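Enquirer: Provided herewith is a single structure, encoded as structure tokens, for subsequent inquiry.
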Amino acid sequence: SKTISKCYVQVTGMTCASCVANIERNLRREDGIHSILVALMAGKAEVRYNPAVIHPAAIAELIRELGFGATVMENCGEGDGILELVVRGMTCASCVHKIESTLMKTNGVLYCSVALATNKAHIKYDPEAIGPRDVIQVIKDLGFTTSLVKKDRSASHLDHKQEIRQWKRSFVVSLVFCIPVMGLMIYMMVMDSQLSNAHAHHNMSKEEMEARHSSMVLEYQLLPGLSVMNLLSFLLCVPVQVFGGWHFYIQASRALRHNTANMDVLVVLATSIAFLYSLIILLVAMAERAKVNPVTFFDTPPMLFVFISLGRWLEHVAKGKTSEALARLISLQATEATIVTLGPDNVLLSEEQVDVELVQRGDIVKVVPGGKFPVDGRVIEGHSMVDESLITGEAMPVTKKPGNTVIAGSINQNGSLLISATHVGADTTLSQIVKLVEEAQTSKAPIQQFADKLSGYFVPFIVAVSVVTLFAWIVIGFVDFEIVEKYFLGYNKSISAAEVIIRFAFQASITVLCIACPCSLGLA
């Protein structure tokens, strides 16, 4: 048996269990191949062969001839089992050394490290030669108690409920205050256009007089420089800035602490500047007792927050959906298995309940009617019907007799079965599916990575552009005041030219910030 080597082949193009059976059946016939084990979800075949007769490239070629894609996998470490144990009863470094040296001498253990401080042992082993139960037994024989590190099966890290709640709240708050602000704004626009029409024709009809009157109510100054419109907008804007923008501020501050600029930084910058600028302009106007109401941007923050928090909320809802599916998948896994020892003629000698993680390849597992299959395996004895709908979606139970394969997580219906474990732990079909879904969730689409990278440059770029805009207009203004005068309507003739220029420049640069802020990148 010394001459047997092992290799892994990545197999593509397998669609169902019959493909697996096909490959296994055909390759077993070949000279020099000892055994072959194919995992459908992982797309991986583990082949044990005699290197004197055949080599991995030829094995891959054999699989290709069957009509599948096959490449030999270089890193064979894939097949190593990893075991995390809690070891109790260690008192000093010599205990650690005793465990480590004994384990390393044990056939099949590839690597072992024991930490005294955390009472944990980390062991890599070859599943062909040894299994987790054997390792635990070795440690027990040395006089220590040991148990598996309990895995968190609840999948609580996949829960998005809290984020969904928080963004929904942000969205609702922003929306409630945004609607009146938008209403006021649209109303003012309509009235202004009617007024300008009236001015153009010089003869005011009755409706236009009324229009002018009602827009006067909003323009009416409660205090010199403070109009009803601006006061209302300000009052509606404050709660949005505080409650709607709360999470944005937190995330933006985190991003800045790590010297990165993301979407949140832009949102916060634009809304804060628009809000503060509008507030300062108002206070200045009140101090000057201005006759003409200043142009404020109080309508910007609520509208931005509405759109962006809606986007975030929808995104988390979508994530929550996949996570829910994942949590359900994880809950399908059995937690315990009944391992039996068989004598000659398949006579039951003994049976014991063990954790699913402790089942090793080649174990004989007994599955009673109504029980779940803890691992993937092959039936040795017994006849039964099995509900495999979790994997195949097939509502009708499937007949199982000796030689058939069974899938972990499917439910045994009427007969008791003895199965021999072929794929255990992270290699079972169900674990592979969970892993695929998890990877799909954590990995980003290439376009999304690109967008993230862009927004890293986008933020500083926009800030730079708005600063340039500010200085450009100041320069233009001082060189040729008429241009500013042409574009800056309704400014108060009583204030100095310099102040007009600076106000106009500010308005232009804030406009740049506000328009770029909900950039389609972020929203999309």
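The values are calculated or read from the model by the stated rules, or taken from the named source; none is laboratory data. None of these values were measured; they are calculated from a predicted model. Cβ atoms come from the backbone with ideal geometry, glycine included; neighbour counts cover every protein chain shown. Side chains included, ligands, DNA and RNA excluded: accessible areas come from the protein's heavy atoms. Shrake-Rupley method; radii C 1.70, N 1.55, O 1.52, S 1.80 Å.
Enquirer: Under a 5 Å amide H to amide H cut-off, with H placed in plane at 1.01 Å, what residues pair with Ile130 once short-range neighbours are removed?
Expert: Close amide H contacts, sequence-distant or interchain: none at all.
Enquirer: While we're on this one: When the Cα centres of region 5-42 and region 237-309 are compared, how far apart do they sit, in Å?
Expert: Measuring centre to centre over Cα atoms gives 62 Å.
Enquirer: Measure off, as a whole percent, the carbon and sulfur share of the 1.4 Å-probe accessible area of region 334-427, all protein chains present.
Expert: Roughly 54 percent, rounded to a whole number.
Enquirer: Would you mind calculating the relative contact order of region 256-333 from Cα pairs under 8 angstrom and at least 6 residues apart, reporting the percent as a whole number?
Expert: 27 percent.
Enquirer: Hey, another quick one. Given the whole protein assembly as supplied and a 1.4 Å probe, what does the accessible area of Asp134 come to in Å², nearest 10?
Expert: 60 Å²
Enquirer: Can you tell me which of 91-97, 165-171, 282-288 comes out highest on packing, and rank the rest after it, using the mean Cβ neighbours within 10 Å?
Expert: The packing order, highest mean first, is 165-171, 282-288, 91-97.
Enquirer: Could you check how much of the accessible area of region 81-148 is carbon and sulfur, as a whole percent, using a 1.4 Å probe?
Expert: Answer for region 81-148 is 54 percent, counting heavy atoms of protein chains only.
Enquirer: May I ask you to evaluate 6.51 cos²θ - 1.76 cosθ + 1.60, the Karplus curve with θ = phi - 60°, for each residue of region 298-315 and list the ³J(HN,Hα) values in order in whole Hz, giving x for glycine and proline?
Expert: The phi angles translate into 5, 7, 5, x, x, 5, 4, 4, 4, 5, 6, 5, 4, x, 5, 4, 4, 4 Hz.
Enquirer: Which of the peptides 315-327, 337-349 is most tightly packed, and how do the rest follow, judged by the mean count of other Cβ atoms within 10 Å per residue?
Expert: Ranked by mean Cβ neighbours within 10 Å, highest first: 315-327, 337-349.
Enquirer: Shifting gears a bit: Nearest 20 debye, what's the magnitude of the dipole of region 81-148 about its Cα centre given +1 on Lys and Arg Cβ and -1 on Asp and Glu Cβ?
Expert: 220 debye
Enquirer: Counting only heavy atoms of the protein chains, get the accessible area per residue of the chain (1.4 Å probe) and round it to a whole Å² value.
Expert: 53 Å²
Enquirer: Taking H placed 1.01 Å from N in the peptide plane, check which residues at least 5 places from Met73 or on another chain put their amide H under 5 Å from its amide H.
Expert: The answer is Tyr8, Val9, Gln10.
Enquirer: Accessible area of Arg25, 1.4 Å probe, to the nearest 10 Å²?
Expert: Per-residue accessible area (Arg25): approximately 120 Å².
Enquirer: I need to check one value: relative contact order of the chain, counting alpha carbon pairs closer than 8 Å and at least 6 residues apart, in percent.
Expert: Reported relative contact order: 11 percent.
Enquirer: How far apart, in nanometres, would the label points at Val228 and Arg28 be if each is projected 7 angstrom from Cα along the Cα-to-Cβ direction?
Expert: A separation of 8.9 nm, rounded to one decimal place.
Enquirer: Taking the square root of 5 times each eigenvalue of the Cα gyration tensor, what semi-axes in Å does the equivalent ellipsoid of the chain have, largest first?
Expert: Working through the eigenvalues yields semi-axes of 72, 25, 23 Å.
Enquirer: Kindly write out, for region 363-369 in residue order, the coupling ³J(HN,Hα) from the Karplus curve 6.51 cos²θ - 1.76 cosθ + 1.60 (θ = phi - 60°), rounded to whole Hz, with x marking Gly and Pro.
Expert: Going residue by residue, I get 5, 9, 10, 9, 10, 7, x Hz, with x marking Gly and Pro.
Enquirer: Between Ser35 and Glu61, what FRET efficiency comes out of the Förster formula 1/(1 + (r/R0)^6) with R0 = 22 Å and r the beta carbon distance, rounded to 0.05?
Expert: 0.70
Enquirer: Something else: What FRET efficiency comes out for Lys321 versus Ala93 if R0 is 41 angstrom and r is the Cβ-Cβ distance? Round to the nearest 0.05.
Expert: 0.20
Enquirer: Ok, one more. With every protein chain left in place, what is the accessible area of Ser101 in Å² (1.4 Å probe, nearest 10)?
Expert: 40 Å²
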